[in-house]
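The values are calculated or read from the model by the stated rules, or taken from the named source; none is laboratory data. For clarity, every value in this text was computed on a predicted model and none was experimentally measured. Don't worry about glycine lacking a Cβ; one is built from the backbone with ideal geometry, like all the others, and counts go over all protein chains shown. To get the accessible areas, we keep the full protein, side chains included, count just its heavy atoms, and leave off ligands, DNA and RNA. Shrake-Rupley method; radii C 1.70, N 1.55, O 1.52, S 1.80 Å.
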Amino acid sequence: GIFAALFYALYGIFVVFCQILAVPWALYMQWLEPGAQDWFQNSFLTVICSQAPLAWLFLRWLLTSDHFLTKIVPMIREEQERSGRLPCIGRHWQCAYGGISVIVQCLYVIWLYIIWGKYLDYSKSHKSKFPISPLEITLVALPVTFPYRLLAPMLLCQIFSVMAKLHIARMEEYQARHRGRNSGKALFQLLKRNIGDREAEEQAWGCGFLISVGLPCISVAMLVVLFIRCEECVIEHWLFPSSSYVLHLVVQSAQTFVSAAQITSKSKKVRLKIVEMILMREATFTENQAEYGFQVEAYTTYLSNCYPGFCVLGTLVTNELVTQLGNVLALTALPLVVKYLVHT
């Protein structure tokens, strides 16, 4: 009814407000501590605070897109009919998100308490025209709306993880259909459909990968540079909750990359297993036996070359790539951690 539509519209405005409230974070700090931050620190804060509204905008587009309605929704229904349940993210990811979220929010509240002390000093020398100044309202609204900003990037990565599980479930079903005697034409059409859906997924998630993987990587790089440029800013001043928030972004990026690499790895394993089944005569075709050898050769050749793996923004995501990125991150972070421990 009208009231439901009005409530939905007001709630949408509230969510938009929650997402964009922290974007001008550097401006708030400039008000409290004029001249204390340089352009690079301001850029760093703007980058990490921009992920939430961008993630929310992408989710808004994705969940109302033709791709989601025509590709993902049917896959969800198929999986529910086949297994009787919906796919969900692994328990280890849930534990990682839960633990880091608690740490981030606790540090965030502590940091805002410190900022509130600075605001009291600021208010003594800057009298507001209003009973409650806009900056005071902002400092109260920031911790209240923080869960909304933390939720959007998490949902983005978790939705992609669920979609990856749906594609993997389809691959497993495709492999199971090869047991016994089946129509080669029907299996080929099923393979083409699955590959087409995965390629559509790759196209749909281009911007999603930039948000869930690109921004965290940029944030980590900027934090490293900031640590090198101004070590005290990271250790002693107001950037320490941002440092923990970057860790939260890294976990999101890792989940997205691992989920995409699982699609590549599973596709390779399934296609190799099907070739083995054909060679062992565990899978046979019902078509013309006079052309059976040619058909088997053509089918196995196509299986070997039909799908290289999950490729987004021109990058093939594999387990090897995930391992290499993890090694680079560890080698970059380890010297900084040692330097931090020596300093403290």
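Quick look at the numbers
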{"read-out": "Enumeration of residues in the stretch 299-330 that are open to solvent by less than 50 Å² (accessible area, probe 1.4 Å) and either at pLDDT below 75 or in a helix (DSSP H, G or I) (or both)", "value": "Tyr299, Thr300, Leu303, Leu321, Val322, Gly326"}
{"read-out": "Flag if Phe227 is closer than 29 Å to Gln19 by Cβ and at pLDDT below 80", "value": "yes"}
{"read-out": "Every pair of residues 6+ apart whose Cβ atoms lie under 7 Å, when the first sits in the stretch 13-24 and is open to solvent by 10 Å² or more (accessible area, probe 1.4 Å) while the second is not aromatic (Phe, Trp, Tyr)", "value": "Ile20/Pro53; Leu21/Ala141; Leu21/Leu142; Leu21/Thr145; Val23/Thr46; Val23/Cys49; Val23/Ser50; Val23/Pro53"}
{"read-out": "Some residue of the stretch 238-253 being part of a helix (DSSP H, G or I), among the polar types (S, T, N, Q), modelled with pLDDT of 80 or more and open to solvent by less than 30 Å² (accessible area, probe 1.4 Å)", "value": "yes"}
